[in-house]
Structures are given as C-alpha cells and as structure tokens.
Amino acid sequence: MNMVRLATSKYKKMICSNIESGLIPSYTINTLNMIEYKYPENKFFIIMGMDTFSTLNNWKDYNIIINKYDILVYPRFGKFLNPFLEYKYKKKICFLEGPIIDISSSYIRKYIRYGKNIKPLLPPEICKYMKKHKLYQ
C-alpha cells in the first residue's frame with residue numbers, strides 16, 4: 001500500500017484504496033461492486049493487458065464485469081487471443097494502441113533478487129522505498 005501511495009501521490013485524479021484487503025475471497029467482481037458502492041458518482045473502467053484479457057472468461061462473473069464496465073486492453077508481447085470474448089463483447093472492449101513494454105512485476109522482483117539495476121524501471125521514490133525496506137531480496 002505504501003508503494004502504491006508513493007506511485008500515485010502526484011496524480012490528483014488517482015486514489016489509493018485498500019478495499020480489496022477486506023474482501024475474502026478477493027474476486028474482481030466483489031472489488032468492483034464495493035468501489036461502485038463507495039463511489040457511486042464515478043464511472044469506472046477496467047484496464048488490463050492483452051495477456052490478462054485472454055483469460056478473462058475464466059474469472060468469476062466475467063460476463064457481468066464486461067456488461068457493466070468498459071474494458072480497456074493494452075497490448076503485450078506474444079499472441080494472446082480470445083476470439084469468443086472479442087466477438088461477443090466487441091462493443092464493450094477497446095483495444096488500445098501504445099508502446100509494448102516488456103516489464104512486469106515478476107520481472108522487476110527477479111531483477112532485484114539478482115542484484116540488477118531497477119532504477120530505469122521504477123520511479124525513484126519506489127526504488128528508495130524498496131531498498132530501505134529490503135523488499136524482494
């Protein structure tokens with residue numbers, strides 16, 4: 001939570017929330033319902049990578065999620081297709097264009113374990129926090 005707060009503190013339209021920490025099990029549909037209940041005046045979108053989108057139909061209540069929220073899908077390396085979802089829900093899904101960056105949280109954690117330089121991958125305040133608290137070593 002502290003790293004998320006640090007990462008979002010400069011963005012006035014973003015807030016850090018611990019809503020998921022109180023939900024067991026932590027299904028996305030439960031999180032979305034809670035956020036919508038807490039912030040009824042806002043409209044929410046779901047942003048995910050193409051790799052995640054390709055498995056969305058395995059999620060709990062995925063059809064409710066897609067029908068209720070617009071899904072923004074960011075490109076990732078590799079071939080991640082889900083023709084069923086792309087055809088059935090094409091009006092609810094927006095495939096974004098942007099640079100494909102081959103970085104993931106597991107990649108960063110692995111770099112830390114091997115003593116590699118992660119400074120180009122993360123904001124300076126996050127790097128400092130992780131070093132100070134000896135995270136992922």
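The distance separating the Cα centre of region 47-68 from that of region 24-44 comes to 15 Å.
Once the chain from Thr52 to Tyr87 is taken as fully extended at 0.36 nm per residue, the excess over their C-alpha distance is 10.9 nm.
Among the trypsin sites (Lys or Arg not before Pro) in region 36-137, those located in a DSSP loop and surrounded by at most 15 other Cβ atoms within 10 Å of their own Cβ are Lys43, Lys60, Lys79, Lys90, Lys91, Lys92, Lys116, Lys134.
Report, in listed order, any pair from Lys12/Lys38; Lys12/Lys131; Lys12/Lys68; Lys110/Lys131; Lys13/Lys110; Lys43/Lys91 with a Cα-Cα distance greater than 23 Å. In this structure, Lys12/Lys131; Lys12/Lys68; Lys13/Lys110 lie more than 23 Å apart at Cα. Once neighbouring chains are kept in place and the probe is 1.4 Å, which whole percent of the accessible area of the chain is contributed by carbon and sulfur? It is 56 percent, rounded to a whole number. What the Cα atoms of region 66-137 give is an Rg and a Dmax of 17.3, 48 Å. Placing a label point 7 Å from the Cα of Ile35 along the Cα-to-Cβ line, the residues of region 64-99 whose backbone N sits under 17 Å from it are 64-74, 93-94.
If R0 equals 30 Å, the separation of the Cβ atoms of Leu135 and Asn63 corresponds to a calculated FRET efficiency of about 0.20.
With Cα atoms as the point set, the chain shows a radius of gyration and Dmax of 17.1, 48 Å.
Would you mind working out the magnitude of the charge dipole of the chain relative to its Cα centre, with +1 at each Lys and Arg C-beta and -1 at each Asp and Glu C-beta, to the nearest 20 Debye?
Numbers: 23 positive and 10 negative charges, 125 e Å.
For this selection, approximately 600 debye.
What's the whole-number percent of alpha carbon pairs in region 10-59 lying beyond 18 angstrom?
Values: 525 of 1225 pairs.
Taking all Cα-Cα pairs of region 10-59, the fraction more than 18 Å apart is 43 percent.
The values are calculated or read from the model by the stated rules, or taken from the named source; none is laboratory data. Quick caveat, the model's predicted, so the values are computed rather than measured. Every residue, glycine as well, gets a Cβ built from its backbone with ideal geometry; the counts of neighbours run over all protein chains shown. Heads up: the accessible areas ignore ligands, DNA and RNA and are worked out on the full protein's heavy atoms, side chains in. Shrake-Rupley method; radii C 1.70, N 1.55, O 1.52, S 1.80 Å.
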